[in-house]
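First comes the structure, then the notes that go with it.
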């Protein structure tokens, strides 16, 4: 089943841990990125649940294919999960194409998140370059813009 999502609107990076992700998310918000445009996805833990809740609101529990129990919230998560349980069935690597990333990007994000990293996504094409700069500045590993219309 095809999921109808707008591609080219997400900037994604994976932080090493919650502390790094918190600093990165705070910097994004100081740059004017709205809470509604932010997404967080990581392996489940009480600390992760607390981080997501205080940053974005109540966390959603997911069982991600090849990663296991995870906590998440935001528009990137909704696009990846879709109405066909994409993350549960295909994992991060199998769903990142839905939001404009190449298969190899999906595998990298999957491995980094599976190793305990915190995936942060920003749904904001007009601010994609700003978001990318912040992710890189604060340690968002392999940060990239998915099929951004301004990307060559």
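Coordinate-derived values only; no laboratory data. All of these numbers come straight from a predicted model, not from anything done at the bench. Cβ: placed from backbone, ideal geometry, glycine included. Neighbour counts: every protein chain shown.
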The relative contact order of segment 10-145, taking Cα pairs under 8 Å that sit 6 or more residues apart, comes to a percentage of 41 percent
Residue of 79, 70, 133 that the Gaussian network model of the chain assigns the largest fluctuation, springs spanning Cα pairs under 10 Å:
133
With only helices counted (DSSP H, runs n ≥ 4, each -39500 (n - 2.57)), the per-residue ellipticity at 222 nm for the chain, to the nearest 500, works out to -12500 deg cm²/dmol
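Using the C-alpha gyration tensor of the chain, what are the square roots of 5 times its eigenvalues, in whole angstrom, with the largest one first?
Working: eigenvalues 76, 71, 37 Å².
That gives 20, 19, 14 Å for the three semi-axes.
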Starting from the alpha-carbon convex hull of segment 68-152, give the projected area averaged over all orientations, in nm².
5.6 nm²
Given all pairs of different Cα atoms, what value in angstroms does the Kirkwood hydrodynamic radius of segment 88-137 take?
11.8 Å
Give me the distance in nm between label points sitting 7 Å out from Cα along the Cα-to-Cβ direction at residue 133 and residue 107, one decimal.
3.3 nm
